[in-house]
Structure formats: structure tokens, C-alpha cells
């Protein structure tokens, strides 16, 4: 089994590359749940749903969120009625989240809900929420106060000054047996090129997950979400800066060095390989990590499998 630690955009694009050469049954994903939010009485789990839609071939790959060709009539009516309408939830997407909310009210765990949705949507991979219960990424800002990450990113479009990032309920969350067994039994674990602070960070900051990753770091590789000092997508640079992290491949290496044995950076940053290796002890490889299309992601997937001597076994 090959497992990914994933947020909602960068890593799913890499996963699409793996899907071109491997069967979905060979892939599992431990997904960030800190983006989850209660909104207008509905429980929304954006990163989990991106993976569900990806593996059910429903994902809108132009945006890398939501369902392709979805309509937004309910959102328009909610706006007319005075409900919050800043979160773009399509009509079919809303149906999935109403299903989730109903199951929560019946006492089901996040893992139960994802299993049920996976079966209903004909998902053949294994998608596992990183926590059994609720946690959320919060941003303390100068003018807007303490807000949810979704408000920071979607409502305010990251146009607010960050004072602090923290994970609410981090110390009280629990993980499932599926998370434990997946980390222990996977032959390869890939920390994908998602935002290290708000997408991957919440996963690896769960104490038990952190301990498991450290124990199995020899089979874990990470992929930089930066080329030079520029993020491939999203607010990665400003979030890293707010955490006192250097927004370069070196900063990524410093952040992940306890959780993996290898870091893949972009070919354009290959001159940093020796410096990163000497400072962090990580094996550092350079590849083309900017995905212009699925073929680019597929090439990286093939290279990763060959470097780990897994290509002939899996392909």
C-alpha cells in the first residue's frame, strides 16, 4: 500500500498522477480534518470531500474543489435569505454535506461517515480522516480577530495580517486504528505538496501520528510545495512566515526533517541539495514538481516508485 498525507489541492494533483499508473485499491490517503467547519448548521469537510470526489471521478479539476458541473442555486437562495454565503458550496456538494451532518447527529464518527460515502460514491481507495473527532485550524489576525482558516482563505481571500496560527482541540483529538495500521503497514508514505502549516501541519502535530511517523520515517518522503521562495499554490509563503519558518525548500526540510528520510525539491532548486542534506541529514532529490497537467504528476509518480524500487512491484 502507498499512502499519502494530504490537504486539499497540491497532494490530490500528485495523486492523480499515481492513479494513471496504479489501481485505486493500492492507494490510501490520510486526510487533514482541520479545515472542517460548521456553517449554517451543516458540517463541511472540504479536504476529505476533495479526495472523495477525486477518487469517484466527480471532482472539478479546474478548481480542485467541489463537483464538476455543479450548480449553486441553493447558495443563491441562502444569500437571499440572509444566511452566510461566502463559502461556495454547490448543490450536489451540499447533498453530501447534509448526509454527513445527519450521520454526525446520529453519533457516527468521521471514519464511519467517510466509509459510508466511499461506498456510495464507488471509491475504491482508502480515505481516512486524520482524526476521529473535530479539530480546526484557526488564524488570529490583527483586524478580524480569531477566525477559522476557511474564513481567512475563502471569505477574506488571505487579505488579512496573520498574528498566529493554531489548531483548536489539537490536544484532545484521537486517531483511529485505521490511521495507526496504515502508517505501520504502508510500504511508502508520501507527505504531499500541500500547505505545510494548515494542511499537513495539523496531521503531523497530532501527537500519536507524529510519534508513528518518526518511528517509520525511513519509508516516508516529502515533496516541497515551494519552488525557490514561491509557493506552487495558495497562501503557503505567508503562513510559513507567520510561523517563523523560512519560505524556501530549506524551511520545508527543517519542518519535515523529523518525519521523513527524503525530501524532493524542484530541479530549479538543485543547487540547494548539498546545503539541505548537510544541515538536516535528509536525502534530497530534485525533480520537476510543478504539475502543468496530469502527465507531469504521472512522471513524478513513476520516478518516486522507481527510486524506491517499487515500480516493478506495483505497476
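The values are calculated or read from the model by the stated rules, or taken from the named source; none is laboratory data. All of these numbers come straight from a predicted model, not from anything done at the bench. Heads up, the Cβs are rebuilt from the backbone with ideal geometry, glycines too, and the neighbour counts pull from every protein chain shown.
Any idea how many residues of region 122-145 are in a strand (DSSP E or B) and farther than 29 Å from residue 176 by Cα?
So the answer is 2.
From (1) in a helix (DSSP H, G or I); (2) modelled with pLDDT under 95; (3) crowded, with 17+ Cβ neighbours inside 10 Å, pick out the condition that doesn't hold for residue 183.
(2)
Of the numbered conditions (1) within 18 Å of the chain's Cα centre (by Cα); (2) at pLDDT below 95, residue 164 satisfies every one except a single condition; which is it?
(1)
So residue 277 ticks every box in (1) in a helix (DSSP H, G or I); (2) under 25 Å from residue 16 (Cα atoms); (3) without any contact (Cβ under 8 Å) to a residue 60 or more places away in the chain but one. Which box is left unticked?
(2)
Which residue is surrounded by the fewest Cβ atoms within 10 Å (Cβ to Cβ), if the candidates are limited to region 37-57 and must be assigned to a loop (DSSP other than H, G, I, E, B) and more than 12 Å from the chain's Cα centre (by Cα)?
Among those that are assigned to a loop (DSSP other than H, G, I, E, B) and more than 12 Å from the chain's Cα centre (by Cα), it is 41.
Looking at region 205-227 only, could you name the residues that are assigned to a loop (DSSP other than H, G, I, E, B) and in contact (Cβ under 8 Å) with a residue 60 or more places away in the chain?
Within region 205-227, 206, 224, 225 meet the criteria.
Within the bounds of region 241-261, is there any residue that is out of contact with any strand residue (DSSP E or B) (no Cβ under 7 Å at 6 or more places or on another chain), part of a loop (DSSP other than H, G, I, E, B) and closer than 27 Å to residue 310 by Cβ?
So far as region 241-261 goes, yes, one or more of its residues are out of contact with any strand residue (DSSP E or B) (no Cβ under 7 Å at 6 or more places or on another chain), part of a loop (DSSP other than H, G, I, E, B) and closer than 27 Å to residue 310 by Cβ.
Given the residues 162, 191, 200, 209, which is the only one that is surrounded by fewer than 21 Cβ atoms within 10 Å (Cβ to Cβ) and within 26 Å of residue 37 (Cβ to Cβ)?
Testing whether each residue is surrounded by fewer than 21 Cβ atoms within 10 Å (Cβ to Cβ) and within 26 Å of residue 37 (Cβ to Cβ) leaves just 162.
Looking at (1) in contact (Cβ under 8 Å) with a residue 24 or more places away in the chain; (2) under 27 Å from residue 3 (Cα atoms); (3) in contact with a strand residue (DSSP E or B) (Cβ under 9 Å, 6 or more places away or on another chain); (4) surrounded by 14 or more Cβ atoms within 10 Å (Cβ to Cβ), find the lone condition where residue 13 falls short.
For residue 13, the exception is condition (3).
What number of residues within region 253-274 are out of contact with any helix residue (DSSP H, G or I) (no Cβ under 7 Å at 6 or more places or on another chain) and either over 13 Å from residue 218 (Cα atoms) or without any contact (Cβ under 8 Å) to a residue 24 or more places away in the chain (or both)? Steps first, answer last, please.
Here is the first cut: in region 253-274, the residues out of contact with any helix residue (DSSP H, G or I) (no Cβ under 7 Å at 6 or more places or on another chain) are 256, 262, 264, 266-268, 270-271, 273-274.
Of the ones still in play, those that are also either over 13 Å from residue 218 (Cα atoms) or without any contact (Cβ under 8 Å) to a residue 24 or more places away in the chain (or both) are 264, 266-268, 270-271, 273-274.
Residues that pass the stated criteria total 8.
Between a residue in region 81-108 that is assigned to a helix (DSSP H, G or I) and any residue that is exposed (fewer than 14 other Cβ atoms within 10 Å of the Cβ), which pairs come within a Cβ distance under 7 Å, given they are 6 or more apart or on different chains?
91/71; 91/73
Restricting attention to region 133-149, does a residue exist that is over 28 Å from residue 211 (Cβ atoms), surrounded by fewer than 16 Cβ atoms within 10 Å (Cβ to Cβ), touching a residue at least 40 places away in the same chain (Cβ under 8 Å) and out of contact with any strand residue (DSSP E or B) (no Cβ under 7 Å at 6 or more places or on another chain)?
Scanning region 133-149 turns up no residue that is over 28 Å from residue 211 (Cβ atoms), surrounded by fewer than 16 Cβ atoms within 10 Å (Cβ to Cβ), touching a residue at least 40 places away in the same chain (Cβ under 8 Å) and out of contact with any strand residue (DSSP E or B) (no Cβ under 7 Å at 6 or more places or on another chain).
Within region 228-236, is even one residue crowded, with 19+ Cβ neighbours inside 10 Å and at pLDDT 95 or above?
no
Within region 109-121, how many residues turn out to be within 30 Å of residue 211 (Cα to Cα) and part of a helix (DSSP H, G or I)?
The number of residues fulfilling the criteria is 9.
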